[in-house]
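> Structure below; questions to follow.
Values in this text are rule-based calculations from the coordinates and carry no lab data. All values reported here derive from a predicted model rather than from experimental measurement. Methodologically, a virtual Cβ is constructed for each residue, glycine included, from the backbone with ideal geometry; neighbour enumeration extends over all protein chains shown.
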Amino acid sequence: MFDGSECRCSFGISTPNAPEGLFERIEKEPESTCLYKKLFLDYTYGLNRIYTGDEITAAKQSPSFEREYNLKYLGLIGNIFHIMHIEAAMEKGMRFSGAPANRSNVT
């Protein structure tokens, strides 16, 4: 028989995906009407507990790091330009970072 003193727990563990999805709807639901207690734990809560510093350093090399470990939604990378093209443009920019700008065509 349940007398109300027992703990009833339900866990929903997720990482953000696309904005306006289920995760964001739950996130934005007011505490006063939400059926759940929401905890937002980024990777720093697990640092040196479930993740080593080396594991996080390696994970940061992944384009999905911000979403999977840092509670960020999709959309800042990959929607218009492929990450490979962004990285190539950044590499080219580094090679020309000290070169003077050609302003002859600027009006």
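> On full extension of the chain, what length is gained from Thr52 through Arg25, given 0.36 nm per residue of separation minus the C-alpha to C-alpha distance?
Working: separation 27, 0.36 × 27 = 9.72 nm, distance 3.17 nm.
Working it through step by step, the gained length comes to 6.5 nm.
> I've got another one for you. Suppose we look only past 18 Å in the calculated P(r) of the stretch 22-95. What percent of the Cα-Cα pairs does that tail hold?
Summing the P(r) tail past 18 Å for the stretch 22-95 gives 58 percent.
> Between Met84 and Gln61, what is the label-point separation in nm under the 7 Å Cα-to-beta-carbon projection?
1.8
> Then there is this: About the Cα centre of the stretch 22-95, what is the dipole size in debye to 20, counting +1 per Lys and Arg Cβ and -1 per Asp and Glu Cβ, all else neutral?
With Lys and Arg at +1 and Asp and Glu at -1, about 80 debye.
> How high is the FRET efficiency between Arg95 and Lys37 when r is their beta carbon distance and R₀ equals 41 Å, given to the nearest 0.05?
Here the calculated transfer efficiency is 0.20.
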